[in-house]
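Participant: I have a structure here, written as structure tokens, and I will follow up with some questions on it.
The values are calculated or read from the model by the stated rules, or taken from the named source; none is laboratory data. Small disclaimer: the values here were computed from a predicted structure and weren't measured. Here Cβ is always computed from backbone atoms with ideal geometry, including for glycine, and neighbour counts include all displayed protein chains. These area figures cover heavy atoms from the full protein model, side chains too; ligands, DNA and RNA do not enter into them. Shrake-Rupley method; radii C 1.70, N 1.55, O 1.52, S 1.80 Å.
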Amino acid sequence: NLEKTQDDCHAKQIALFAVDAMEAASHILIDSDKPEMGYVKIRSGFHSGSVVSNVIGLLNPRYGLFGDTVNTASRMESNSLPNRIQCSDTAALLLSEQAPDIYLKKRGKIAIKGKGNMVTYWVEDGLIRDDHGDISGRAGDDHHVVAFAPDDDEVDMAPPKNPIAPSEDGSKPISVLKK
């Protein structure tokens, strides 16, 4: 939804969507005639930042998102692993503020085509949800998030305050999921 500002919840919503998509895929057989082949495994990735959107075409109009944020989200997905959710450090900062009960594990620096080395994080599963779908904890773990200093080892810390500001043109950051 690009119609209204979602500064307070967009990273959380996209992370929860990715967790739900991963969970749903894990219950689908690759081939129902050959259950020994196992279940579908998807990889997901997301990033947060500014985008440009527009309706393209006259005969067959389509809505499109453009910009470096979309490309970076695509790289987060393509460099993820099966049954894993990877996010950029920008998205991780926002997610730690919007959903401190979602556990993030620092993956470290990885080479991203067209971007160089980027620090990325795994969004861990095992979330416990209440009857309304809200997170009420993590199975078997204390609630904590990981520090976001790129060269530091993992350290527990409180979520940061105002981790990202609007871009110079005044546009608001959004999260983009690629699956």
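Participant: Looking at the structure I just gave you, is L81 surrounded by fewer than 11 Cβ atoms within 10 Å (Cβ to Cβ), assigned to a loop (DSSP other than H, G, I, E, B) and hydrophobic (A, V, I, L, M, F, W, C)?
Facilitator: no
Participant: Which residues, taken from segment 84-107, are touching a strand residue (DSSP E or B) at 6+ places or on another chain (Cβ under 7 Å), part of a helix (DSSP H, G or I) and either hydrophobic (A, V, I, L, M, F, W, C) or over 19 Å from D20 (Cα atoms) (or both)?
Facilitator: D89, T90, A91, A92, L94, L95, listed by residue number.
Participant: In segment 1-18, which residue that is aliphatic (A, V, I, L, M) and open to solvent by 20 Å² or more (accessible area, probe 1.4 Å) is farthest from E77 (Cα to Cα)?
Facilitator: L2
Participant: Checking G137 against (1) open to solvent by 10 Å² or more (accessible area, probe 1.4 Å); (2) modelled with pLDDT under 95; (3) assigned to a strand (DSSP E or B): exactly one of these is not met. Which one?
Facilitator: Checking G137 against (1) open to solvent by 10 Å² or more (accessible area, probe 1.4 Å); (2) modelled with pLDDT under 95; (3) assigned to a strand (DSSP E or B), the one that fails is (1).
Participant: Those residues that are among the aliphatic types (A, V, I, L, M) and in contact with a strand residue (DSSP E or B) (Cβ under 9 Å, 6 or more places away or on another chain), I need them from segment 47-80; list them, please.
Facilitator: If the condition is that a residue be among the aliphatic types (A, V, I, L, M) and in contact with a strand residue (DSSP E or B) (Cβ under 9 Å, 6 or more places away or on another chain), then V51, V52, V55, I56, L65, V70, A73, M76 are the ones that fit.
Participant: Checking the structure you have, find out if any residue of segment 25-33 is among the hydrophobic types (A, V, I, L, M, F, W, C) and touching a Leu at 6+ places or on another chain (Cβ under 7 Å).
Facilitator: There is no residue in segment 25-33 that is among the hydrophobic types (A, V, I, L, M, F, W, C) and touching a Leu at 6+ places or on another chain (Cβ under 7 Å).
Participant: Okay, next question. Criterion first (hydrophobic (A, V, I, L, M, F, W, C), over 15 Å from the mean Cα position of the chain (by Cα) and not in a loop (DSSP other than H, G, I, E, B)) does L59 satisfy it?
Facilitator: Judged against the criteria, L59 is not a match.
Participant: Scan segment 40-53 and give yes if some residue there is open to solvent by 90 Å² or more (accessible area, probe 1.4 Å) and farther than 23 Å from A99 by Cβ, otherwise no.
Facilitator: yes
Participant: Among the residues of segment 27-56, which ones are in a loop (DSSP other than H, G, I, E, B) and not aliphatic (A, V, I, L, M)?
Facilitator: Residues satisfying the conditions are H27, D31, S32, D33, K34, G38, K41, R43, S50.
Participant: Still on this structure: Tell me yes or no: at least one residue of segment 114-121 is in contact with a Cys (Cβ under 8 Å, 6 or more places away or on another chain), under 30 Å from G38 (Cα atoms) and open to solvent by less than 40 Å² (accessible area, probe 1.4 Å).
Facilitator: Within segment 114-121, one or more residues are in contact with a Cys (Cβ under 8 Å, 6 or more places away or on another chain), under 30 Å from G38 (Cα atoms) and open to solvent by less than 40 Å² (accessible area, probe 1.4 Å).
Participant: I'd like to know if segment 27-36 contains one or more residues that are surrounded by 15 or more Cβ atoms within 10 Å (Cβ to Cβ) and small (G, A, S).
Facilitator: No - not one qualifying residue is present in segment 27-36.
Participant: Hey, any hits in segment 25-37 for a residue that's touching a helix residue (DSSP H, G or I) at 6+ places or on another chain (Cβ under 9 Å) and closer than 20 Å to T72 by Cα?
Facilitator: Within segment 25-37, not a single residue is touching a helix residue (DSSP H, G or I) at 6+ places or on another chain (Cβ under 9 Å) and closer than 20 Å to T72 by Cα.
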